[in-house]
Structures are given as structure tokens and as C-alpha cells.
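Just below is one structure, and these are the notes that go with it.
The values are calculated or read from the model by the stated rules, or taken from the named source; none is laboratory data. Computed from a predicted structure; not experimentally measured. Note that each Cβ is placed from the backbone with ideal geometry, even for glycine, and that neighbours are counted across all protein chains shown. Ligands, DNA and RNA are excluded from the accessible area calculation, which covers all protein heavy atoms including side chains. Shrake-Rupley method; radii C 1.70, N 1.55, O 1.52, S 1.80 Å.
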Amino acid sequence: MTLWSRFRSWLRAAMGRSRMEREMDAELRFHIEAFAEDLARSGVPREEALRRARIEFGGIERAKEKCREARGLSLVESIVQDLRFGLRMLRKNPGFTAVAVITLALGIGANTAVFTVVNGVLLRAMPFPEAERLFLVSLTPGGGPFEWQPGVSDRDYLAFREQDQAFEQVACFTKGSTANLTGAGDPAQIPVAYVTTEFFSALRTNPEIGRGFLTGEGEPGNDSVVVLSNELWKDRFAADSEILGKTIRIDGLSRTVIGIMPPGFEFPGAKVWMPLAIRINEHNSFTRPVVGRLKPGVSPQQAQAELETFAEHQPLGPGESKKDRMAQIIPLKDLLVANIRPSLLMFAGAVAFVLLIACANVANLFLARAAGRGQEMAVRSTLGASHWRLVRQLLAESTLVSLIGGAAGILLAHWGVQALTALAPAGKVPRMEMVRIDGWVLAFTLGLSVVTGVVFGLVPAFQATGYGARRSLGQAARTVIGGHEGIRSVLTVSEMGLALILLTGAGLMLKSFLRLRAVNPGFSPHSVMTMTLDLPESTYTSASQIRTFHRRTLEELSRLPAVLASGAVNWIPLGQGLVMGTFQVEGGQRPRGFMVDKPCVSPSYFRAMGMPLLRGREFTESDNATAPGVAIVSQSVARTLWPGQDPLGKRISMEDEPKPEDWLTVVGVVDDVKQQGLAKNSEPAIYQPYLQVASTGFLSHMTFVVRTGSPPERVAAGMRAVLRNVDKNQPIAIASMDSLVATTTAEPQFQTRLLATFALVALALTIVGIYGVLAYAVAQRTREIGVRMALGAQSADVLQMFLRKALVLITMGITLGGAGAFALTRVLMKFLFEVKPTDVPTFATVALTLVLSSLAACYVPARRAMKADPMVALRYE
């Protein structure tokens with residue numbers, strides 16, 4: 001019989017159960033009556049004949065059970081009976097049920113919340129057709145002063161595209177670019193992407209309205225077209241149905257709208273896409289991400305082998321070596337999630353520990369309850385219930401509790417996901433739009449609830465049923481106490497070990513965060529407001545125009561009320577970027593591999609930022625294009641280039657082959673600053689006055705800073721007014737320097753908060769578990785306490801007896817947890833700053849905290865034991 005046939009027979013039988021029961025009753029009574037009639041005809045009295053017939057058939061109910069088994073209803077019916085009985089038992093003990101459900105809701109809810117984020121960010125496929133065939137092609141080496149990003153140089157991309165055999169299409173694109181949108185409401189800076197014409201077809205996602213880019217678009221004179229995101233079209237252009245063919249202004253240039261992308265499409269984090277034509281530039285080498293769609297039947301391993309062969313045979317450029325090319329085929333999703341994956345996996349491991357502690361707690365509750373049901377199990381076993389039947393009944397109860405806890409956990413997870421998304425640092429968790437509770441999350445919660453119910457219910461079930469038929473009814477409840485207490489102690493020790501691991505991890509993260517926050521960035525961020533803008537090349541075509549804009553802006557900023565100093569820098573410390581490169585030293589040799597940041601700044605910049613001038617002077621307005629070139633170096637540059645010498649008056653040049661007018665005289669030394677982040681090394685830097693810089697690329701991006709004598713937020717409106725007076729078409733980004741510093745610590749702060757929250761929940765559950773074990777021991781040993789006190793034992797002796805037991809458990813838990821923490825906290829190495837995973841003070845502090853918390857949990861039951869009245873205790877049953 002097939003599974004479907006069995007199911008249909010079960011369904012028919014279940015629907016016609018009443019009729020079937022009546023038919024079985026009638027048929028069985030007919031057979032008994034017929035057998036009795038045969039006996040009566042042979043001379044057996046009527047009553048005796050009926051008795052013998054019943055004995056022969058073994059009872060109507062037993063015969064009916066066999067009939068049900070033959071019809072396949074026994075198991076289903078038994079499970080339904082178990083569930084109904086379990087619900088009745090849980091209703092009879094509302095306090096027990098509430099505690100168990102709340103405990104499991106915490107564990108399951110935390111796991112569901114984290115899984116919801118993990119599912120949306122890491123597991124859910126990219127929203128492209130056959131997304132599993134989309135890969136990044138990368139030839140960039142690891143290491144170096146910058147964070148590694150997958151990419152291919154323009155020269156290698158063109159060569160690879162010509163000879164590639166593994167991909168249907170490959171496309172190059174930019175990531176992280178911005179542009180100024182004007183003429184559509186207030187000026188705004190929006191994220192944009194420049195893409196080759198194959199980009200949309202490689203992703204197999206075409207504009208919902210209009211078309212994508214055509215071959216040849218992107219070439220000079222044929223690149224003034226643009227594709228908009230659906231969201232930008234609605235927000236800025238009121239979903240204009242006639243937008244196609246109209247022009248909009250981006251970075252001051254008119255571009256014709258040719259398409260609108262489908263809702264939700266913003267890859268790679270853009271709202272506008274513009275065509276990109278790859279051309280070889282002999283003076284600059286650009287490296288950009290490259291995406292490709294594998295051909296059907298081609299595996300990633302084959303594509304990897306082809307790329308490695310290409311990299312091996314591709315001619316090297318000037319100054320390149322083979323180790324400068326690291327051939328990699330990477331899933332496209334990794335471009336977005338590679339940085340967040342370790343954090344999410346760490347959180348998943350932490351909440352798994354919380355769930356294990358919750359399971360141990362509920363198992364302890366069920367063990368305590370099982371000890372009081374020993375007589376019930378013994379009676380049921382004596383009446384014929386099998387060991388498996390009793391185990392199944394108890395597992396049904398534990399699974400019901402877990403399912404109810406899972407349902408409550410989903411509600412907690414809904415709030416938890418909202419809290420996670422609200423607390424997560426802005427822009428640090430990608431694909432947040434994919435994070436939602438859906439069918440996969442509900443299936444995960446259901447599966448987790450069932451597994452959890454079985455896991456924590458097995459030991460209590462076997463303990464409660466293992467003695468039923470082998471012990472007398474009068475002693476059944478008391479003979480299992482020792483076994484229960486031993487298992488409860490093991491579970492409590494396990495809880496303490498897991499809690500210690502979580503607490504140690506949270507302690508290490510907290511210590512790391514506090515040290516990171518205490519780092520001196522090299523400037524004083526308090527009472528400083530910043531205003532960042534990008535001047536478009538189409539409007540500001542020359543360095544003199546840009547310098548005029550900056551001069552006017554600085555003059556008006558300095559006149560604002562409460563402004564103590566104002567300045568400007570092209571790449572603000574702790575901002576989004578920097579310019580780094582080599583330089584030349586007059587009469588000396590630059591150390592091999594030594595590179596510096598190359599910011600250009602205005603006069604008074606160092607005073608506005610609170611950067612101490614160690615030697616020499618600051619820049620002045622006289623350090624302009626007509627004056628001799630000057631520079632200010634950071635302390636690490638001075639120490640590296642001229643150890644033990646006075647750096648003032650030394651000359652350096654930013655050109656590879658400097659002419660006489662290219663030499664810059666060092667006029668000052670300032671302290672080093674943290675340019676890329678508080679956890680990064682301080683960057684050596686050479687500062688130039690912006691009035692002497694001729695490159696528009698160095699001047700178009702600028703951040704203005706003002707130091708105020710009042711809260712910096714009060715000058716924000718004045719700074720906006722200044723920009724409107726100078727150029728009303730320029731969008732700006734205003735933020736306090738304190739907020740920029742906080743942004744660099746936002747991710748470790750979020751990680752620390754979340755891990756600490758999980759650790760505190762684990763600690764609370766552990767304290768409850770320890771309290772439960774000791775309270776249970778006091779209750780079970782009440783008569784023993786009475787006997788001891790009747791024989792002369794003092795309250796202190798009773799206290800010592802229970803504290804000795806508690807200290808044994810605590811010692812074992814600390815030992816087990818310490819060993820586990822020593823082994824597992826190494827996974828935090830990547831997240832720690834100036835703290836070792838085996839930091840002894842942290843281990844000691846956490847262990848002491850757990851010991852004191854555990855002893856506090858022991859106090860109430862131990863005090864209850866001390867105050868026991870011997871006469872009452874001797875009568876206790």
C-alpha cells in the first residue's frame with residue numbers, strides 16, 4: 001500500500017470513527033454472544049458461558065485495539081490522545097507551564113530573530129534570475145594599506161573579456177560613487193553607479209520602463225543617458241509616466257532618462273546608473289568590480305581554473321609581479337555580505353548557547369515534575385502501559401511546551417528583529433530590505449521547537465518511566481530522587497559552563513570597545529561641526545574657480561556667531577576616503593614602501609580641528625599659488641625621514657621627477673591622526689595648502705570644519721545658509737565631528753551590546769537554574785534536615801551542607817566554562833582591539849561575577865533550610 005493510500009484510509013477512518021466504533025462494538029458482541037450460545041447448548045450455565053466467552057476474547061477493548069491497529073489508526077489516535085492529555089496536564093499546572101514557556105520563548109525567540117537576519121542577509125538568494133550563476137571576477141592581491149576589494153584593472157578586464165570562455169557575459173561597474181542631483185527639488189547627493197553596457201543583461205534584470213544601455217553608449221559624446229531607480233523616480237519625479245526622453249541634471253550635466261528599473265533593484269547600492277566605456281589610461285590605472293554569469297554546464301571550479309590560466313599568461317605591467325594578481329571567482333553576494341558574515345555567525349553561535357541554557361533549565365523543571373509523577377507512572381505501567389508508551393506521553397507534553405514557547409518566541413522575534421534593525425549601525429548591515437519573518441523563518445522556528453521539545457524532554461521522560469514497573473507503588477516516587485538530583489546537577493553545571501563562555505566573550509568585547517573609545521584620534525572632536533560637499537567638474541572646471549569657492553565659503557563661515565575657528569580639508573579624518581601615495585626627498589632616500597596621506601588644507605584648519613602643532617608654523621593666506629611651495633608633515637614622517645634632525649627647512653616633492661618649482665619646504669610638524677579608523681594605525685601625512693594645489697581632483701571634494709564655543713548643532717543652520725549664499729545648487733552633508741567618531745565605533749558598540757544582552761539572559765537563566773536545583777534539594781531533604789536538627793545539628797551545619805553542594809557545582813561549572821571559553825573565545829580575535837582572547841583579568845572578573853551571582857541564587861533556599869522547624873520537618877512528606 002502506498003503512502004497516499006495509507007493516508008486516505010486513515011482520513012476515511014478518522015472521519016467515520018463513530019460509525020466504525022459502533023460497528024466494531026456490534027461485531028465483537030455478536031461473536032461473544034455466538035460463542036456463549038455454543039457453550040450454553042453444551043450445558044454450561046448462561047452466566048458462566050458469557051464469562052468464558054469474554055475471557056476467550058480477552059476483553060472488548062483489547063480486541064478493538066487490535067482492529068484499530070489493523071486499520072492503521074492506532075498510532076495517529078494515540079498521538080492525538082497524548083496531545084490532549086498533555087494539554088490537560090499543562091492546564092493543571094499553570095505556574096510550571098508559564099515558567100517553562102517563558103524560558104523557551106526567550107531561547108527560541110532569540111534564535112528566530114537572529115536567524116531572520118541571517119536568512120535575509122546571508123541565505124536568501126540575490127534578486128536576480130539564476131543568481132547562483134553570478135560571480136565576481138577578481139585579480140586584486142590581498143594585503144596593502146587599503147581594505148581588500150574584489151576587482152580587475154581596466155587593462156586586464158579588456159583582455160579577459162576578449163578570451164573568456166566560461167562566462168556568458170562579463171560586465172564592469174563602479175561601487176560607492178556619488179553625484180549631485182539638481183533641478184528635482186532640493187539639491188541632493190545620491191549614490192550612482194557607472195556600468196558597462198552588458199551590466200543589466202548579465203544580471204538578467206532589464207528596466208521595467210524604457211530600455212537599458214546600447215552598445216557604444218558610454219563613449220565620449222554618446223554617454224549622456226541615464227537609468228533611474230524606481231524609488232528615485234517616485235520620490236524625486238512623482239512617478240512621471242512621461243519621464244522617458246526628458247533630461248535631468250547630474251553633476252551639472254544634462255542627461256536623458258532612458259529607463260526606470262523595477263522596484264527594489266538598487267545593485268550595487270545605487271539609485272542612478274550611467275554608461276561606462278573602459279579605455280586604457282597610460283597615466284592612471286583603474287581597478288573596478290567585474291561581474292559575470294557562468295555559462296550553463298560550467299562550474300565555478302572550471303571558471304577559477306580558466307582565470308588562473310589567464311592571470312599566469314597575461315603580460316605584467318610596469319612594476320608589477322605575478323603576486324600582484326590573485327585570481328579569484330567569488331559569489332556575487334559576497335560583494336555585499338562578506339564583511340558582515342563573521343558578526344552574524346558569532347551572534348548565531350551566542351543565541352544557540354542561550355537556547356541550550358534554556359533547554360537545560362526546562363529539563364530541570366521537567367525532572368522536578370517527573371519526581372512527583374513517579375507513582376502515576378508506576379500505576380500506568382502496572383495497568384499495562386509500555387515503557388515506550390509512557391515515554392511518548394511525556395515527550396508529547398515537552399513538545400507541546402516547546403511549541404507554545406516557539407509561538408511566543410515568534411512574537412518576541414518580531415520585536416527582536418525590529419530592535420536589531422534599529423540598533424544596527426546605518427549602512428553596516430547590507431540587504432536589510434530582505435530581512436523579514438517569512439515561511440522559511442516560520443519553518444525554522446517550528447523545526448527548532450520540535451527538536452528542542454524532544455531534546456530537553458528525553459532525559460526527564462526516561463528518568464520518570466525507568467522505574468515504574470520495577471518499584472513498588474509506595475516507594476516509586478522516593479527511589480528516583482537520587483538519580484534526578486544527579487542529572488539536575490549535571491544540567492546546572494552545563495548551564496554555568498555555557499554562561500561563563502558567553503560572559504567571557506561579552507567581557508572581552510566590552511573591554512575591547514572601551515579601549516577603542518579611549519583611543520586618541522590625534523585631534524579634538526568636541527564642539528566641531530563639519531560640512532562636506534563635492535563640486536561638479538562641469539560647473540567648476542578649473543582649480544582657480546574651486547579655490548575661489550572655498551575662499552568665499554571659509555570667509556562667511558568664520559563670521560558666523562560663536563565660531564572660534566574655521567578650516568577645510570579635502571579628506572577629513574575618519575571620513576570616507578583618503579589620497580595616499582609616494583613622494584621624493586631632497587638629498588635623501590624615501591624608505592622602500594613608505595607612503596603617506598596627501599591632504600590639502602586651508603589656513604586655520606589645524607586650529608579648527610584641535611590638532612596640536614608640535615613645531616614651526618601653520619599655513620597662512622600668503623601661502624598661495626604665487627608663493628614658494630610649503631608643506632607641513634606629521635610627526636611620524638619627520639621621525640622616519642629625518643631621525644634626530646630638525647625637519648623644518650627640509651624639502652620634499654609630490655612629483656616622481658620633480659622640477660625646481662615642485663619642491664616643497666617643510667614649515668611645520670603636527671601630530672599624527674587616525675585617518676581610516678580608531679582601530680587602524682595613525683597615518684603618516686604630508687599636508688599642502690589648498691591655495692597651492694593645482695589639481696581639481698584634489699580640490700573638488702572638500703570638508704569644511706568649524707570649532708564653536710556653543711553646542712555645534714546650533715551652527716548647522718548658519719552653515720547651510722552660507723552654502724546657499726555661495727552656491728545654492730550644491731547639496732551638502734552636515735555632521736558633528738563627535739558623530740563621525742561615533743560612526744567608527746558604532747559597529748563594535750553594536751556587537752558588544754548584542755553579545756552582552758545574550759550573556760545577561762544566559763546569566764539570568766543560569767541563576768534561576770541554580771536556585772531551582774538547590775531549592776529542589778532542600779525540599780527533597782526536608783525530613784533529613786529535621787532528623788539532623790533533632791539530633792543536635794545547628795543551623796550553620798545545615799547551611800554548610802547546602803553551600804558545600806552549591807560550591808561543588810559552581811567549581812565544576814567554572815572549570816568547565818573556563819576551558820570552553822579558553823578554546824572558543826579565539827573566534828573573537830578579529831573583533832578585538834588591543835585585547836587578547838585569553839585576557840586573564842577578564843576571565844577572572846567574569847568567573848568572580850558568576851560565582852557571586854550563583855552564591856546569591858543559593859542564599860534563599862539555604863536560608864530556608866536553616867530556619868526549618870525540626871518537628872515540622874519530621875512530619876514532612
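Computed quantities for the displayed model
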| read-out | value |
| --- | --- |
| Per-pair calculated FRET efficiency, R0 = 51 Å: A679 and Q589 via Cβ, rounded to 0.05 | 0.95 |
| Neighbour net charge for G252 - beta-carbon separation under 12 angstrom, K R +1, D E -1 | -2 |
| Cα Rg, Dmax, the range 538-607, angstrom units | 16.2, 48 |
| Taking the C-alpha atoms of the range 157-258, convex hull volume expressed per residue in Å³ | 111 Å³ |
| Cβ-Cβ FRET estimate between E661 and V827, R0 fixed at 45 Å, reported to 0.05 | 0.20 |
| Alpha-carbon centroid distance for the pair the range 645-692 / the range 222-254, whole angstrom | 43 Å |
| Positive minus negative residues near G349 (Lys, Arg vs Asp, Glu; Cβ under 15 Å) | +3 |
| Size descriptor, Kirkwood hydrodynamic radius, that averages inverse alpha-carbon separations across the range 511-640, Å | 17.3 Å |
| Solvent exposure of the range 677-720 as accessible area per residue, Å², 1.4 Å probe | 36 Å² |
| Restraint check, K598/K836; K246/K271; K246/K728; K674/K836, Cα-Cα greater than 26 Å | K598/K836 |
| Cα gyration tensor shape for the range 664-764, rounded if a/c is under 1.5, else prolate or oblate | oblate |
| Nitroxide proxy distance, nm - points 7 Å out along Cα→Cβ at S710 and A348 | 5.2 nm |
